[in-house]
Amino acid sequence: MGFKKLQLIICSVLLALTVGAQAETNTDKECFEKISRGVFQFNQGFDKAILKPVAKAYNKLPDPVRKGTSNFTSNIATLLSIPNHLLQGEVRLAGHATGSFLVNTTIGVLGLGNPAALMGLENQKEDLGQTLGSYGVKGGCYFVLPILGPTTVRDTVGMIVDTSYLDPFARITWHEKEIKNISGTKIDYVGVKAADVVDFRGNNMTNFDSLEKNSIDLYAATKSLYLQNRKNKINNSSESEDDWGNLDN
């Protein structure tokens, strides 16, 4: 059995579970809570031993370096947003995302700068999990993945399909042997994703510390924060919110 067929089977099974879960009144049901809590503890250990120290060192870099890294990873992420905007029927936002990528890649020097923002081009991140949510597909079972963190059945399906089919950057790097005359390496893909994670962790150092300090049950607090954040993104809240549910304005 080929790897692609296996991916399609996994996605079909997970999506069937998600659709089935829509009949339940509690769409945020915990299917594997004991396992998820164990994985969560592992992730916490990974964060304390590796990610947090790396993020602290990253925060000591000059502001232009950190800003350039943030702009670069955000620009790459735009490539995934474009097809998902189209799948949601958001033609205007798809046009803005396309214009943003082209302007930042050229004038912005490979995305290190963000002149598109000055031109009023919106760059709203979208993924297939959000697209499925916009069509009414509920999250289904909530669980925690090693390293990758909180997710739901719907968002896991979205992540697999995004990486395998919709994300041009993933196609060029992760599946380079299948694409003629265009090459990249898996290291490029992993490197950009890792940089994005470190940038996010560094920018939210205080938020993470505050959440850990003030939560009676950190696992439950993280779950609530994740699910609320995904709901906000799926609903395309009219007010700008960050990944912690705080209003930017």
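Miscellaneous remarks
- Residue match in the range 92-106 (condition: among the hydrophobic types (A, V, I, L, M, F, W, C), more than 19 Å from the chain's Cα centre (by Cα) and at pLDDT 95 or above): yes
- Being of a type in the set (F, W, Y), at pLDDT below 95 and either closer than 19 Å to T151 by Cα or out of contact with any helix residue (DSSP H, G or I) (no Cβ under 6 Å at 6 or more places or on another chain) (or both) holds for only one residue in F42, F46, F3, and it is F3.
- Test: residue in the range 128-138 that is modelled with pLDDT under 95, among the hydrophobic types (A, V, I, L, M, F, W, C) and more than 30 Å from C31 (Cα to Cα): no
- If you go through the range 98-108 and keep only what is assigned to a loop (DSSP other than H, G, I, E, B) and surrounded by fewer than 19 Cβ atoms within 10 Å (Cβ to Cβ), you end up with just I107.
- Filter result (more than 14 Å from the chain's Cα centre (by Cα), in a loop (DSSP other than H, G, I, E, B) and within 24 Å of E90 (Cα to Cα)) within the range 127-172: Y135, G136, V137, K138, G139
- When the range 195-207 is filtered for residues that are touching a residue at least 60 places away in the same chain (Cβ under 8 Å) and not acidic (D, E), the ones remaining, listed by number, are A195, V197, V198, R201, G202, N203, M205.
- Criterion (buried (at least 21 other Cβ atoms within 10 Å of the Cβ), at pLDDT below 95 and not in a helix (DSSP H, G or I)) met by exactly one of G111, G120: G111
- Whichever residue in the range 199-237 is out of contact with any helix residue (DSSP H, G or I) (no Cβ under 7 Å at 6 or more places or on another chain) and of a type in the set (G, A, S) and, among such residues, is nearest to V153 (Cα to Cα): S224
- Residues in the range 129-149 that are more than 19 Å from V197 (Cα to Cα) and either surrounded by 17 or more Cβ atoms within 10 Å (Cβ to Cβ) or of a type in the set (A, V, I, L, M, F, W, C) (or both): Q130, T131, L132, G133, S134, V137, K138, G139, G140, C141, Y142, F143.
- Test: residue in the range 112-129 that is in contact (Cβ under 8 Å) with a residue 40 or more places away in the chain and either small (G, A, S) or on the phi > 0 side of the Ramachandran plot (or both): yes
- Odd one out for K186 among (1) buried (at least 19 other Cβ atoms within 10 Å of the Cβ); (2) more than 13 Å from the chain's Cα centre (by Cα): (1)
- Filtered residues of the range 42-97 (kept if of a type in the set (D, E) and exposed (fewer than 12 other Cβ atoms within 10 Å of the Cβ)): D63
- Qualifying residue in the range 111-126 (condition: among the basic types (K, R) and under 30 Å from E33 (Cα atoms)): yes
- Against the conditions (1) on the phi > 0 side of the Ramachandran plot; (2) touching a Cys at 6+ places or on another chain (Cβ under 6 Å), C141 satisfies every one except (1).
The values are calculated or read from the model by the stated rules, or taken from the named source; none is laboratory data. Not measured: the values here are computed from a predicted model. Every residue, glycine as well, gets a Cβ built from its backbone with ideal geometry; the counts of neighbours run over all protein chains shown.
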